[in-house]
Amino acid sequence: MATSFSCYGAVSTLRTPIPLSRLSTFRSPSVSTIPNRFYKFRVKCSRAEAGVVDDSRSAPIDVVADVKSERVVVLGGSGFVGSAICKAAVSKGIEVISLSRIVVIENTIFSSIVFLLFSFIIFGLKSKTFITSQHGSNKFQSLDCNAGDVFYVNWDEVLTGATAVVSTIGGVGSEEQMLRINGEANVVAVNAAKEYGVPKFILISVHDYNLPSFLLSSAYFTGKRKAESEVLSKYPNSGVVLRPAFIYGKRKVGDFEIPLDLIGEPAERILRAIENFTKPLSSIPASDLLLAPPVSVDDLALAVLNAVVDDDFFGIFTIEQIKEAAAKVKV
């Protein structure tokens with residue numbers, strides 16, 4: 001005997017999105033954003049024997065399903081690296097929450113030149129000062145905020161429902177400031193993420209440039225390695241540490257755009273072309289200051305996305321491994 005079934009579906013969320021203050025939420029215009037993983041599906045089904053009219057009064061069936069969607073928190077999302085990560089994630093339909101410690105830079109030629117020279121010479125523009133930048137329809141404006149937001153933020157508004165946290169927090173300054181920003185701030189974030197049950201933490205760290213130990217003991221690197229240890233300790237099977245060298249791309253400082261790719265891109269190509277000849281020099285202390293291939297900010301962002309979606313991607317990743325991870329997302 002033939003039997004027929006007819007089903008009608010509707011979807012509604014079990015929870016409403018949490019209002020976010022002091023945060024930026026970026027959503028893809030072409031992909032509907034899912035605020036959390038749990039959805040309620042109401043399915044109306046009817047059963048009828050052959051030759052019998054379907055009963056339209058059949059009671060609906062509520063089914064709760066666990067639907068995975070990515071909701072990524074980017075710490076330092078308005079910075080050079082952070083904004084690239086936000087842009088890449090949004091382009092893939094991932095919901096992004098950006099939390100930033102923002103410093104105002106005066107729009108003067110003098111201040112811009114001083115900032116660029118200091119950052120480029122000392123740390124390859126890895127200092128964590130946040131600047132005005134624009135990507136498509138998403139605009140991140142500089143604001144005058146307190147320097148220690150990560151220590152006082154209401155994590156309920158940030159981490160609830162998050163599937164991953166990406167930290168680009170870091171900076172240069174006095175020994176005390178670098179320990180606090182590079183180390184303590186990230187440690188606070190890692191522990192908060194763990195407490196709120198966020199399954200993955202991704203840290204943007206730094207290549208050691210084959211520097212001698214007395215330089216690696218500086219507060220800048222000590223803070224970075226302390227943060228790395230915390231990530232790998234709290235997230236032994238899902239924590240990710242990316243160690244790029246000089247990061248290049250189009251970087252804005254105030255109203256000025258600095259085309260770092262004009263230097264970084266050809267330098268990367270040249271260094272990769274001659275790497276077989278330069279490998280014997282890798283044993284020389286500090287040799288990587290000249291020989292470590294630069295990393296495109298877009299490749300770094302893609303490597304982060306690979307870490308977000310790939311559960312088998314965890315541990316410490318070198319410059320070459322960052323490139324390989326980015327290539328997987330490009331395909």
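The values are calculated or read from the model by the stated rules, or taken from the named source; none is laboratory data. Quick caveat, the model's predicted, so the values are computed rather than measured. Here the Cβ is made from the backbone with ideal geometry for all residues, glycine too, and neighbour counts use every protein chain on show. Just the protein is used for accessible areas: all its heavy atoms, side chains included, with ligands, DNA and RNA removed. Shrake-Rupley method; radii C 1.70, N 1.55, O 1.52, S 1.80 Å.
Worth pointing out:
- Compared with the direct C-alpha span, the chain from Ile270 to Ala327 gains 18.6 nm at full extension, assuming 0.36 nm per residue.
- Accessible area (Å², per residue) of segment 183-296, counting only protein heavy atoms and a probe of 1.4 Å: 46 Å²
- Charge context of Val304, other residues only, Cβ under 14 angstrom, K/R +1, D/E -1: +2
- In a fully extended conformation the segment linking Ile284 and Phe214 would gain 23.7 nm over its present Cα-Cα distance, using 0.36 nm per residue.
- Overall shape: oblate for segment 228-308, with the ratio a/c of the largest to smallest alpha carbon gyration tensor axis at 1.5 or above and b/c at least equal to a/b.
- Exposure ranking of Ser83, Ser283 by accessible area [1.4 Å probe, largest first]: Ser283, Ser83
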